[in-house]
Amino acid sequence: MSNPKIILASASPRRSELLKNMGYSFSVMPADIDESRLLRDKTPSDYVKRLSLLKAEKILAVNPDSVVIGVDTIVALGNDIFGKPSDYEEFRFFMHRLSGNTHQVYTGLSVVDKNRVVNDFIRSDVTFATMSESDIEGYWATGEPADKAGGYAIQGIGGSFIKCVSGSVSSIIGLPQAELREILNSFL
């Protein structure tokens, strides 16, 4: 019997690139879900685990003979979650909060097929340098922060503001490669 089809339930080009670099053949089917934070999402880890599982299950429902990967990444400072900034003012608020502080990046990772469910999260700590107003304004002007959780990309220009990382860099980018490989090995 051949291996089941792998589907990445994400439109993120960064996630696709990371999965491709792992050597897997897969297709991409973004899962459109309601990403509102619910009362039962008491912690950032609860939130990303729920979202990653919802994404995976939604795609599995229409592809029952596949192995589906659902992923969700957020930036958090304490219990405050920083999504994609809606405008410059929100981005500026994010940067002032993150500047000079250590925050957490949580990535929910779910792998499902018709018989099994793995639903977990990876937490990494990221320490930002202190950013000046001109740093913040200049970074926004690059266009990079607009569609990134927390308003920055560690793998891009935003990496120049990172002093220290403890945890998985690939998870911060959006796909925890080592953890995913271990899970996929148990499914395939």
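The values are calculated or read from the model by the stated rules, or taken from the named source; none is laboratory data. Predicted model only: the values in this text are computed from it and were never measured. Note that each Cβ is placed from the backbone with ideal geometry, even for glycine, and that neighbours are counted across all protein chains shown. Side chains are part of the model used for accessible areas, which takes the heavy atoms of the whole protein and leaves out ligands, DNA and RNA. Shrake-Rupley method; radii C 1.70, N 1.55, O 1.52, S 1.80 Å.
The residues packed around PHE26, meaning those with a beta-carbon under 15 Å from its beta-carbon, carry a net charge of +3 if Lys and Arg are +1 and Asp and Glu are -1. Please state the relative contact order of the chain as a whole percent: Cα pairs under 8 Å, 6+ residues apart? Relative CO of the chain lands at 22 percent. Note on segment 11-96: with charges restricted to the Cβ of Lys and Arg (+1) and Asp and Glu (-1), its dipole about the Cα centre is near 240 debye. Ignoring lysines fewer than eight residues from LYS55 along the same chain, the ones with Cα atoms less than 24 angstrom from its Cα are LYS5, LYS20, LYS42, LYS84, LYS114, LYS148. Dipole size of the chain about its Cα centre, with +1 on Lys/Arg Cβ and -1 on Asp/Glu Cβ: approximately 580 debye, rounded to the nearest 20. The angle between the Cα long axis of helix 88-98 and the longest principal axis of the Cα atoms of the chain comes to about 90 degrees, rounded to the nearest 10. Among the protein heavy atoms of the chain, carbon and sulfur supply 50% of the accessible surface, probe 1.4 Å, non-protein parts ignored. Solvent-accessible area per residue in the chain equals 48 Å², computed with a 1.4 angstrom probe and all protein chains kept.
Judged by the mean number of other Cβ atoms found within 10 Å, the most tightly packed of the peptides 15-28, 100-113 leads the ranking 100-113, 15-28.
Determine the distance separating the Cα centre of segment 51-65 from the Cα centre of segment 102-159; give it in Å without decimals. Cα centroid to Cα centroid, the span is 24 Å.
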